[in-house]
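Here the structure is laid out as structure tokens; the discussion comes afterwards.
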């Protein structure tokens with residue numbers, strides 16, 4: 001299973017991006033609308049076309065960063081939001097970052113990586129967050145594919161990855177998912193443990 005840079009670039013070139021809602025995910029919009037600190041340094045990993053980054057930026061959150069292994073979606077963001085800072089559109093592998101954030105948003109990245117990287121994902125999230133930093137977003141609560149993304153899972157499995165690094169403050173069935181994801185998502189808000 002080769003989920004390389006080329007694999008993802010080809011998905012965008014051939015427009016095989018079924019995970020892309022074409023708009024901000026309703027649960028994340030609701031969460032963002034509650035945020036008041038516009039100085040938060042926010043990362044959206046594996047952000048793709050990131051309507052979430054666009055929404056935050058237009059609401060006045062100027063420290064929003066998107067990292068993606070594919071260049072095309074980063075260019076798509078720049079085309080939609082001309083004044084989005086180039087330095088905050090990071091063309092790189094998430095696992096190679098050397099930055100710190102107050103808030104990291106999970107939106108279809110966890111389900112896109114090879115499942116054998118899930119434990120590494122949790123430890124990197126912990127590493128990339130500042131003290132009391134938060135990992136917030138959506139995880140699939142469904143049995144999906146085994147040989148290609150999106151990869152599914154369940155709450156009990158996810159706990160094994162995140163409990164060592166985070167206080168699982170909110171970990172519940174999502175009530176306001178996008179229509180085609182109803183009853184398939186968990187909304188999570190994990191707070192970095194001081195380990």
Could you list, in sequence order, all residues of the range 129-154 that are modelled with pLDDT of 95 or more and out of contact with any helix residue (DSSP H, G or I) (no Cβ under 9 Å at 6 or more places or on another chain)?
129, 130, 131, 132, 134
Going through (1) at pLDDT 95 or above; (2) assigned to a helix (DSSP H, G or I); (3) surrounded by fewer than 22 Cβ atoms within 10 Å (Cβ to Cβ) one by one, residue 117 fails only at (1)
Check residue 106 against each of (1) within 24 Å of residue 39 (Cα to Cα); (2) surrounded by fewer than 13 Cβ atoms within 10 Å (Cβ to Cβ) and name the one condition it does not meet.
(2)
Members of the range 29-57 that are touching a residue at least 60 places away in the same chain (Cβ under 8 Å), in a helix (DSSP H, G or I) and either touching a strand residue (DSSP E or B) at 6+ places or on another chain (Cβ under 6 Å) or surrounded by 19 or more Cβ atoms within 10 Å (Cβ to Cβ) (or both)
31
Among (1) in contact (Cβ under 8 Å) with a residue 60 or more places away in the chain; (2) under 16 Å from the mean Cα position of the chain (by Cα), which single condition is residue 133 missing?
(1)
Using beta carbons and a limit of 9 Å, which pairs, at least six apart or on different chains, have the first residue in the range 169-195 and on the phi > 0 side of the Ramachandran plot and the second one surrounded by 12 or more Cβ atoms within 10 Å (Cβ to Cβ)?
183/141; 183/142; 183/173; 183/174; 183/177
Can you name the strands (runs of 3 or more DSSP E) wholly within the range 127-195 that have at least 3 residues being over 19 Å from residue 44 (Cα atoms)?
166-173
Going by the conditions given, is residue 109 under 21 Å from residue 186 (Cα atoms) and modelled with pLDDT under 95?
yes
Mind checking which residues of the range 86-114 are in a helix (DSSP H, G or I) and either touching a strand residue (DSSP E or B) at 6+ places or on another chain (Cβ under 8 Å) or in contact (Cβ under 8 Å) with a residue 60 or more places away in the chain (or both)?
88, 94
Might you check whether a residue that is part of a strand (DSSP E or B) and on the phi < 0 side of the Ramachandran plot occurs anywhere in the range 74-85?
no
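The values are calculated or read from the model by the stated rules, or taken from the named source; none is laboratory data. Only a predicted model underlies this, so the values are computations on that prediction, with no experimental measurement involved. Glycine gets a Cβ as well: all are built from the backbone with ideal geometry, and neighbour counts include every protein chain shown.
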